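S.K.: This is the structure I want to talk about, given as C-alpha cells.
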C-alpha cells in the first residue's frame with residue numbers, strides 16, 4: 001500500500017474507466033505515454049489516509065480526482081493554463097502511477113468531493129465529461145450554432161451533450177459504427193450519419209449550404225476526419241481538435257488559410273471544467289450512465305483491454321470495478 005506524503009491523499013479506488021488514450025498506451029501507440037506503468041486516470045473512490053498537510057477533506061469522504069499534475073512553475077502554469085504545462089505529469093499516464101490498483105496516492109489539491117447524488121460509476125466518468133466541457137468552452141460556441149461532431153465514441157457523445165448545454169441549436173454527428181450513431185440520437189443529437197454509407201460533404205452542402213456548419217469538433221483525430229473538418233467548416237469559424245492522433249496527419253492548408261479558419265487543439269481540462277462536469281452530471285444535464293457498456297473486475301482488466309483492442313462495435317465506456 002502506498003504511503004501518502006505530507007501534501008498527498010491515499011485514495012481507495014472504487015471504479016476506474018478505460019479510455020481511448022489508455023488503449024493507445026496499451027498498444028504502444030500513444031504519442032507521449034509509454035509502458036511500463038500502472039494506468040488509470042478516470043477514477044473515483046474514498047479517502048483512505050491523509051497526508052499531514054491536507055485538511056480540506058476527511059477520511060472516508062467520497063472523492064473524484066483530477067489526474068493532471070503540473071509543475072506549477074512554467075509560463076502556462078503561471079498564466080492559469082496548467083493543463084498545457086511544459087512538464088505535465090498525469091496520474092496513470094505520464095510519470096505517476098494510476099488507479100488500476102486498489103490504492104493510489106494523489107496530490108491533495110487534486111481531490112474533489114463526489115456528491116452523494118453521483119454514483120461511483122458516474123464518478124468515474126467525471127474526467128471524460130470535463131474533457132468535453134473544456135473543449136466546448138475553448139470553442140467559444142455561441143447560442144444557436146449548428147455544430148458537427150466527428151466521432152461518436154465516449155468523448156464525442158459527451159461533446160454532443162456539452163454542446164447542447166452551451167446552447168447549440170442543431171447537432172450533427174458522424175461515425176462509422178451505426179450503434180454509436182443510434183446512441184448519439186438518444187443523447188440529443190439531431191442528425192447522425194455514417195460516412196461509409198453517405199457522402200457527408202454532399203449531404204451537408206445540400207441540406208445546409210456552404211455556410212451551414214458553425215463549429216466542428218473532431219473527436220477522432222485521424223487523416224480523414226481532419227481533412228473533412230477543413231472542408232466542411234464555414235469560413236471564419238473554428239475546428240476543435242480533441243481526438244489524439246495515433247499517426248502523423250498530413251494537411252492541405254488551403255482551406256485553413258483562405259477561409260481564415262481556426263484549427264485549435266483541446267487538451268484535458270482545468271479545475272473549473274472538472275467542477276462544471278460534476279455539476280452537470282449531478283443535475284442530469286449530461287447523462288453518463290447510458291455510455292457504460294461493459295464492467296470488469298480488477299482481476300479481469302486484461303480481458304477489458306482485449307475487448308477494446310478487438311474494437312467490439314457495442315463497446316463504449318468500459319469500467320473496472322476495483323473495490324466494493
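What follows draws every value from the coordinates through simple rules; no lab data is involved. Predicted model, so just to flag it, every value in this text is computed and none were measured. For neighbour counting, all protein chains shown are included, and Cβ atoms are generated from backbone atoms with ideal geometry for every residue, glycine included.
S.K.: Could you rank the peptides 108-121, 37-50, 231-244 by their average count of other C-beta atoms within 10 Å per residue, with the highest value first?
M.R.: 37-50, 231-244, 108-121
S.K.: Counting each DSSP H run of 4 or more residues in the chain as -39500 (n - 2.57), what helix-only mean residue ellipticity at 222 nm follows after dividing by all residues, to the nearest 500 deg cm²/dmol?
M.R.: Numbers: 11 runs with 94 residues, N = 324.
Value at 222 nm, helices only, nearest 500: -8000 deg cm²/dmol.
S.K.: Return the distance in nm (one decimal) between the two label points of a simple spin-label model at residue 143 and residue 190, each offset 7 Å from Cα along Cα→Cβ.
M.R.: With each label placed 7 Å out from Cα toward Cβ, I get 1.6 nm.
S.K.: Next up: Could you tell me how many degrees, from 0 to 90 and to the nearest 10, lie between the Cα long axis of helix 271-282 and the main elongation axis, the longest principal axis, of the Cα atoms of the chain?
M.R.: Between helix and principal axis, roughly 80 degrees.
S.K.: Tell me the relative contact order for segment 220-284 as a rounded percent, counting alpha carbon contacts under 8 Å between residues six or more apart.
M.R.: Across segment 220-284, relative contact order equals 35 percent.
S.K.: Compute the acute angle (0 to 90°) between the alpha-carbon long axis of helix 126-138 and the principal axis of greatest extent of the alpha-carbon atoms of the chain; round to the nearest 10°.
M.R.: Once rounded, the angle reads 40 degrees.
S.K.: Can you say what percent of the DSSP beta bridges in segment 52-189, counting only those with both residues inside, are antiparallel? Round to 5.
M.R.: Of those bridges, close to 40 percent are antiparallel.
S.K.: Additional query: What's the Kirkwood radius of segment 1-151 in Å, using all Cα pairs?
M.R.: After inverting the mean inverse Cα-Cα distance, the result is 16.5 Å.
S.K.: Using only Cα atoms, locate the centre of segment 239-295 and the centre of segment 148-172, then give the distance between them in Å, rounded to an integer.
M.R.: The distance from the Cα centre of segment 239-295 to that of segment 148-172 comes to 9 Å.
S.K.: For the ranges 271-280, 82-91, 296-305, what's the packing order if you count other beta-carbon atoms within 10 Å of each residue, average per peptide, and put the highest first?
M.R.: 271-280, 82-91, 296-305
S.K.: Starting from the Kirkwood Rh over alpha-carbon pairs, what translational D in µm² s⁻¹ does segment 163-311 have by Stokes-Einstein at 4 °C and 1.567 mPa s?
M.R.: 74
S.K.: Highest first, please rank the peptides 60-73, 245-258, 149-162 by the mean number of other Cβ atoms sitting within 10 Å of their residues. Before the final figure, lay out the partial values.
M.R.: Values: 60-73: 19.5, 245-258: 11.6, 149-162: 28.0.
Packing proxy ranking, top to bottom: 149-162, 60-73, 245-258.
S.K.: Would you mind ranking 79, 294, 134 so that the residue whose beta carbon has the fewest other beta carbons within 10 Å leads the list? Walk me through the numbers on the way to the answer.
M.R.: Working: 79 9, 294 18, 134 24.
Least crowded to most crowded, the residues run 79, 294, 134.
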